[in-house]
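Below: one structure, written as structure tokens.
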Amino acid sequence: MAETMENPKAGLPDAADMLLECKGVSVSFPRYGAPVSEALRDVSLDIRRGEVLGLVGESGSGKTMLSRAIMGLVPPPGEVTAGTIRFEGKDLGKLDEEQLRRMRGRDIAMIISNPRGELDPLQTVGQQIGNVLRHHLNLTRRQIRERALDLLKQVSIPDPQRRMDAYPHELSGGMAQRVVIAIALACSPRFIISDDATSGLDVTVQAQVLELIRSLVSERGTSMMFITRDIGITAHYCDRIAIIYAGEIVEVAGREVFFDDPQHPYTVLLLAAFAQNERLRRYWLGGDKVQEYTGPSPVGCPFQNRCVRVEERCRGEHPALLERQPGHFVRCHFPVERP
Ligand code: SF4
């Protein structure tokens, strides 16, 4: 095992390769008569040009809050209370609302999991794609129609000419998701956030849509943050994987290293559950010491109430995110050693 380092720059790419850089980002929600609730704590994460980063975590772990912070859409009364988010070197926290609005859709786009909720039921598919093109690009009506049709072809919508004039309720779930992808791609953004984009779809349609997203971003050299609860999906679609737990990044590594040598106990638990491999869980994590879960702990390691490797140190000292090998970051006092 390489010696641990606390140098946050170690293993990072050149500044020119960096598209998005989150540094020490915290998001808090004030609560009446109670301490503030921290939805994100000290999140540092970078995304390189052309890279697909998988962000994995359970519901409420902070995945969606991070995407909202990047888009400048943290719901009030929540706010970014610390850290910086830079896109192509630009500090997004310094942009005004109008500048952020112009950036959304043109430079950074989002694909979410509920396409029907995203689409306007009163407008045709062609009108909705056209709205984005009209807002961000200086095109004639004819050019907009041609471009919208071309986008429907790119996302493999059957009979695209006819679908241009269809309303959302006339589309299947898979088709509606393809329309949302077409809208996200409309202005050729350099960065796409896919937030659990396929979770509501049938398994076969899910695989097709995932394949489509992956091939479209790799053809265009677009970077993507791929948010999911399903760690298995990241093995096929992501270059690098980050695990988030209770608002903190607990492990980040390139795909091969991540699956070959996972080191945070929570990552191992997720992988063992995905593989349905009880022997793996016991072997790596050392037995049956299953803890009764009582929520993330506010003091020490937030994972201590679920961790089978917990020691006294974990209860009093919050672990830092350390680079244990180049590019492999782990937040744990007692990382799992490969058997
Ligand atoms: S710091 Fe301790 S409690 Fe937290 S994940 Fe590591 S071993 Fe488990």
Practice item. May I ask what percent, to the nearest 5, of DSSP beta bridges between residues of the chain are antiparallel? Key: 60 percent
Check your understanding: ³J(HN,Hα) across segment 77-89 via Karplus (A = 6.51, B = -1.76, C = 1.60, θ = phi - 60°), whole Hz, x for Gly/Pro?
Key -> x, x, 7, 6, 9, 7, x, 10, 10, 10, 10, 6, x
Review point. So, with a 1.4 angstrom probe, what is the percent of accessible area on the chain that is carbon and sulfur?
Key: 50 percent
Review point. How do PHE258, PHE329, PHE274, PHE334 rank by accessible surface area computed with a 1.4 Å probe, from largest to smallest?
Key: PHE274, PHE334, PHE329, PHE258
Revision key, fill the gap. With R₀ set to 35 angstrom, the calculated FRET efficiency between the beta-carbons of ALA235 and GLN161, to the nearest 0.05, is 0.40
Practice item. For the chain, report the accessible area per residue in Å² (1.4 Å probe, heavy atoms, rounded to an integer). Key: 48 Å²
Check your understanding: By how many degrees, 0 to 90 and rounded to 10, does the Cα axis of helix 141-154 deviate from the longest principal axis of the chain?
Key -> 50 degrees
**Study point:** Förster radius 30 Å - calculated FRET efficiency between GLN208 and ARG141 (Cβ-Cβ, nearest 0.05)
**Key:** 0.40
Exercise for review: List the residues whose amide H sits under 5 Å from the amide H of GLY50, counting only those 5 or more places along or on another chain, with H placed 1.01 Å from N in the peptide plane.
Suggested key: SER223
Study note, to complete from the structure: In terms of the alpha carbon gyration tensor, root eigenvalues a ≥ b ≥ c, rounded if a/c is under 1.5 and otherwise prolate when a/b exceeds b/c or oblate, the chain is prolate
**Study point:** Amide proton proximity set for VAL250, modelled H, under 5 Å, gap of 5+
**Key:** ILE243, ILE244, TYR245
Point to revise | Coil-residue GluC sites (Glu not before Pro) of segment 33-78, DSSP, other Cβ within 10 Å capped at 15 | key: GLU58
Exercise for review: Order HIS136, HIS328, most accessible first, counting only protein heavy atoms with a 1.4 angstrom probe.
Suggested key: HIS136, HIS328
Practice item. With a cut-off of at most 15 other beta carbons within 10 Å, and DSSP calling the residue loop, which GluC sites (Glu not before Pro) in segment 86-180 qualify? Please list them. Key: GLU88
Revision key, fill the gap. Counting lysine pairs in the chain that sit 8 or more positions apart or on different chains, with Cα atoms under 29 Å apart, gives 10
**Study point:** Net charge of Cβ neighbours under 11 Å - reference ILE144; Lys, Arg +1; Asp, Glu -1
**Key:** +3
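The values are calculated or read from the model by the stated rules, or taken from the named source; none is laboratory data. The structure presented is a predicted model; accordingly, all values stated were derived computationally and were not measured. FYI the Cβ positions are ideal-geometry reconstructions off the backbone, even for glycines, and counts take in every protein chain you see. Areas reflect the complete protein model, heavy atoms only, side chains present, ligands, DNA and RNA absent. Shrake-Rupley method; radii C 1.70, N 1.55, O 1.52, S 1.80 Å.
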